[in-house]
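Note sheet for the following structure.
The values are calculated or read from the model by the stated rules, or taken from the named source; none is laboratory data. Keep in mind it's a predicted model, so treat the numbers as computed, not measured. No Cβ is skipped: glycine too gets one built from the backbone with ideal geometry, and neighbour counts run over all protein chains shown.
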Amino acid sequence: MRIDLHTHSRVSDGTDSPRELVGAAKRAGLDVVALTDHDTAGGWDEAVEAAYDEGVELVRGMEISTRHDGRGVHLLAYLPDPTYPPLVEELQRVLDGRDLRLPAMLARLNELGIEISAPDVAAVSGDAAASGRPHVADALVRLGVVADREEAFERYLSAGRSAYVDRYAAPLVPLLRIVSEAGGVAVIAHPWGRSRRERPDESDLAALKSAGLAGVEVDHQDHAPEARERLLAIARNLGLVVTGSSDYHGTGKVDHDLGVNSTAPDQYARLLELAAAASAASGRTTPEVIRP
């Protein structure tokens, strides 16, 4: 059984539609795929239809931008009720933060002599819930300024670069509570990726588990083999669910092909058990796993 629990469609910053993504998952030999667009459930309905058509098991989720101890943390929230008002409010604040920083980023690029405008970004962002840095990167590619997203981030858009602008991210610990109250279950995505140097560490993760964290994404392309081994040991020590996934973005991210990393069936079963318990405790109507 091949299980990939972290993918993105063009409803956030991927390049496939939700339907195309599910079809690609089928062709890649996946049995289970989770759609986890950034800060939105906007692609869920289309993905559900495609899952029935393609015969692929679908887990509905989202990847939420949070901040903890001054660091950005991406939180994968699986099967929450997307209508739960506190969750809706936090997601909207995050999406608004993406949109509000766009003019400032474009102004900085203009100051560097790069002619780029909001319509240039809109031409590539399409039906995304908000325009973020990947869409600016895609516009820079389309304008011939850089060769690909990676170059755009390295030269202009990553933290500390000339066109970077900070934005709102939800406080992690309160967000963990909100996800639980919405009947969902939370996993930290790629915790040691992008030079985070083993933070959060074991004591941090233990505290986050007490606050409602269910698991940690261990097998991810941003984690070197030694980091995976260390994270796996920590997860086992703490009794956290261990996941692995591609973080697929279509053509928007290289070396993240569907199924390049996967989640073990027993860990997937644990995750679903925790989600069922959270749903029951919340008393809310939560999404079911789609099993065609």
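Computed values, structure above
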{"read-out": "Selection count, the stretch 43-73, where residues are over 19 Å from Ile3 (Cβ atoms), in a strand (DSSP E or B) and not basic (Lys, Arg)", "value": "6"}
{"read-out": "Some residue of the stretch 254-274 being farther than 30 Å from Ala28 by Cα, assigned by TED's automatic domain parsing to the domain that holds Leu79 and buried (at least 21 other Cβ atoms within 10 Å of the Cβ)", "value": "no"}
{"read-out": "Evaluation of Leu95 against (1) in a helix (DSSP H, G or I); (2) closer than 26 Å to Gly283 by Cβ (one fails), failing number", "value": "(2)"}
{"read-out": "Failed condition for Leu205, given (1) within 20 Å of Gly259 (Cβ to Cβ); (2) hydrophobic (A, V, I, L, M, F, W, C); (3) surrounded by 19 or more Cβ atoms within 10 Å (Cβ to Cβ)", "value": "(1)"}
{"read-out": "Within the stretch 15-35, tally of residues that are part of a strand (DSSP E or B) and farther than 27 Å from Val136 by Cβ", "value": "2"}
{"read-out": "Scan of the stretch 152-193 for residues that are free of Cβ contacts under 8 Å to residues at least 40 places away in the same chain and either closer than 25 Å to Arg228 by Cβ or touching a strand residue (DSSP E or B) at 6+ places or on another chain (Cβ under 7 Å) (or both), ordered by number", "value": "Phe153, Glu154, Ser158, Ala159, Trp192, Gly193"}
{"read-out": "Pairs with Cβ under 9 Å, 6+ apart, first in the stretch 58-75 and exposed (fewer than 15 other Cβ atoms within 10 Å of the Cβ), second of a type outside the set (S, T, N, Q) and modelled with pLDDT of 95 or more", "value": "Asp69/Leu172; Asp69/Asp204"}
{"read-out": "Condition broken by Ala169, with the remaining ones in (1) modelled with pLDDT of 95 or more; (2) more than 18 Å from Leu271 (Cα to Cα); (3) over 18 Å from the mean Cα position of the chain (by Cα) satisfied", "value": "(3)"}
{"read-out": "So Glu90, is it surrounded by 22 or more Cβ atoms within 10 Å (Cβ to Cβ), of a type in the set (D, E, K, R) and not in a loop (DSSP other than H, G, I, E, B)", "value": "yes"}
{"read-out": "Qualifying positions in the stretch 225-262 - in a loop (DSSP other than H, G, I, E, B) and in contact (Cβ under 8 Å) with a residue 40 or more places away in the chain", "value": "Ser245, Ser246, Asp247, Gly250, Gly252, Lys253, Val254, Asp257, Leu258, Gly259, Asn261, Ser262"}
{"read-out": "Which numbered condition Val56 misses (of (1) under 16 Å from the mean Cα position of the chain (by Cα); (2) at pLDDT 95 or above; (3) not hydroxyl-bearing (Ser, Thr, Tyr))", "value": "(1)"}
{"read-out": "Hits in the stretch 4-29 - residues which are aliphatic (A, V, I, L, M) and surrounded by 24 or more Cβ atoms within 10 Å (Cβ to Cβ)", "value": "Leu5, Val11, Leu21, Val22, Ala25"}
{"read-out": "Check on Asp222, closer than 30 Å to Pro287 by Cα, among the acidic types (Asp, Glu), part of a loop (DSSP other than H, G, I, E, B) and assigned by TED's automatic domain parsing to the domain that holds Thr7", "value": "yes"}
{"read-out": "The stretch 125-150, residues that are farther than 17 Å from Val11 by Cα and either buried (at least 23 other Cβ atoms within 10 Å of the Cβ) or assigned by TED's automatic domain parsing to the domain that holds Pro18 (or both)", "value": "Leu140, Arg149"}
